[in-house]
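Asks: Take a look at the following structure, please.
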Amino acid sequence: MKIFEIGVGEYVQCRTLQYINTEVECYLFEPNPISFKQIEENLGKYSNFKLFNYAVGSENKIGYLYIARGSSFLEGAKSPEIAFDPNSENRLEKVQIEIKDIRNIDDGKIDILLLDTEGTEFDIIKNLISRPKEISVEMYSFGVKYKNPYFDEIINWMNMNNYKIVSEHEDFIFRLNE
């Protein structure tokens, strides 16, 4: 089994920890250099974990990442942080990062996709090559009254690609109808 966790966040937020020292291949993508360092220190020694310090999106480019409290988001993203504080881009640290197109890293064999990219999830979903058996997408952040800005587009893509919602909370879980 192959899991892509895109937008891990801090190490303590990692959703694939139960797969340490298993046969499950876990590919973790985290552009925040501070969070990535924590992830690397804790998971770098496990051969089934592949770690990548860049953002994933819909094109290859250099971009900027804003570092917020326990989170980070790409410049221009309509993130939960922006919903919480519309002026956050003016006060947060900004770092230059690499962004890679999902089409360059998706080999068509992703079994589970876990997405928490602070408002840019649809950029990834719309260009997927794989049709994972399960996809988890951050759709809400109730604490800051945030709804994913591409909520309708994500739901439409899931419907068009034969996915059904099996869990609805802040993260929606979609399962492929087989």
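The values are calculated or read from the model by the stated rules, or taken from the named source; none is laboratory data. Fair warning: this is a prediction, and the values are worked out from it, not measured in the lab. Note: ideal-geometry Cβ built from the backbone for every residue, glycine included; neighbour counts use all protein chains shown.
Asks: List the pairs whose first member sits in the range 120-133 and is closer than 15 Å to Lys100 by Cβ, whose second member is polar (S, T, N, Q), and whose Cβ atoms are under 6 Å apart, counting only residues at least 6 apart or on separate chains?
Replies: Note: pairs meeting the criteria are Asp123/Ser58; Asn127/Ser58.
Asks: For Asn159, which of the numbered conditions (1) touching a strand residue (DSSP E or B) at 6+ places or on another chain (Cβ under 9 Å); (2) exposed (fewer than 13 other Cβ atoms within 10 Å of the Cβ); (3) farther than 19 Å from Tyr27 by Cβ fails to hold?
Replies: All conditions are met except number (1).
Asks: Take the residues in the range 42-59 that are over 13 Å from Cys26 (Cα atoms) and touching a helix residue (DSSP H, G or I) at 6+ places or on another chain (Cβ under 8 Å), then tell me which one is surrounded by the most Cβ atoms within 10 Å (Cβ to Cβ).
Replies: Val56
Asks: Can you tell me which residues in the range 65-84 are touching a Lys or Arg at 6+ places or on another chain (Cβ under 8 Å) and surrounded by fewer than 20 Cβ atoms within 10 Å (Cβ to Cβ)?
Replies: Ile67, Glu75, Ala83
Asks: State whether the residues of the range 106-113 include one that is small (Gly, Ala, Ser) and in contact (Cβ under 8 Å) with a residue 24 or more places away in the chain.
Replies: no
Asks: Consider Ser88 carefully, then state whether it is surrounded by fewer than 20 Cβ atoms within 10 Å (Cβ to Cβ) and out of contact with any strand residue (DSSP E or B) (no Cβ under 8 Å at 6 or more places or on another chain).
Replies: no
Asks: Output the strands (runs of 3 or more DSSP E) that fall wholly within the range 65-178 and possess 3 or more residues being in contact with a Gly (Cβ under 8 Å, 6 or more places away or on another chain), or say none.
Replies: Of the strands (runs of 3 or more DSSP E) lying wholly inside the range 65-178, those with at least 3 residues that are in contact with a Gly (Cβ under 8 Å, 6 or more places away or on another chain) span 71-74, 93-101.
Asks: Being in contact (Cβ under 8 Å) with a residue 40 or more places away in the chain, touching a Leu at 6+ places or on another chain (Cβ under 9 Å), in a loop (DSSP other than H, G, I, E, B) and of a type in the set (Gly, Ala, Ser) is the filter here, so list the residues in the range 1-59 that pass it.
Replies: Gly7
Asks: Next question, about the same structure. Please find, among Glu59, Glu98, Glu41, Glu30, the residue that is within 18 Å of Ser136 (Cα to Cα) and at pLDDT 95 or above.
Replies: When all the criteria are applied, what remains is Glu30.
Asks: Test of understanding: among Ile20, Ile3, Ile62, which residue is surrounded by 14 or more Cβ atoms within 10 Å (Cβ to Cβ), over 15 Å from Leu114 (Cα atoms) and aliphatic (A, V, I, L, M)?
Replies: Every option except Ile20 fails the conditions.
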